[in-house]
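Visitor: Dumping the structure here so I can ask a few things about it.
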Amino acid sequence: FSLYCEVGQSIAIVGKSGSGKTSVLNALATLTEFDNGEYLANDGIKISKNKMFIRNNASYLTQQYYFEEVFVKNCFENKFLEDSDVHNSLLLLGLIEPGTNDKKFGEVKISQLSGGERQRLAIATEFLKRKTLYLLDEITSALNVEHEDLVADFIKQYSSNKIVIVVTHSKNFA
């Protein structure tokens, strides 16, 4: 298996269930070892030997994501990010309507959100971390077609200076 990615490029890995798509992401995230070969980044840094590179530069949103409650809360309290970054992310992902106050959304308990809303919020919080590499595993599995389109557009808009690798069954990313 060979994969070459450039900054500003989004790649979709599409295949049947059980064909190893998530295994590829796990190897890229250094969560599993591979038998042979290696992969390099940024002028030859050996990722397989440098897990700190992944921690510092990558974000991995798995199928079984969980929320970092503190990070989500801090997004809405504007401790880490510009107000407009949070607002635009929520707006583009259809989590708030134009002209509404995103602070109210931040007061909603995550358990009160639908599966699709939680999935879109997980995507927003990952992209708000401002990494250069995004590994996204079946990030639209709980979404209807309309919201899947919003996520595809959001990723296109926010990936101009990033590498995005998406494992999906969706035609929006393929």
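Since every read-out is calculated from the coordinates, none of them should be taken as a lab result. These numbers come from a predicted model, not from an experiment. Note: ideal-geometry Cβ built from the backbone for every residue, glycine included; neighbour counts use all protein chains shown.
Visitor: Say the cut-off is 27 Å between C-alpha atoms; which of K109/K162; K109/K171; K16/K156 go over it?
Guide: K109/K162; K109/K171
Visitor: Using a Förster radius of 25 Å, what is the FRET efficiency between N144 and T100 based on their Cβ-Cβ separation? Nearest 0.05, please.
Guide: For N144 and T100, the calculated efficiency is 0.75.
Visitor: Round to the nearest 0.05 the FRET efficiency obtained for L113 and N36 when R0 = 35 Å and r is the Cβ-Cβ distance.
Guide: My answer for the efficiency is 0.20.
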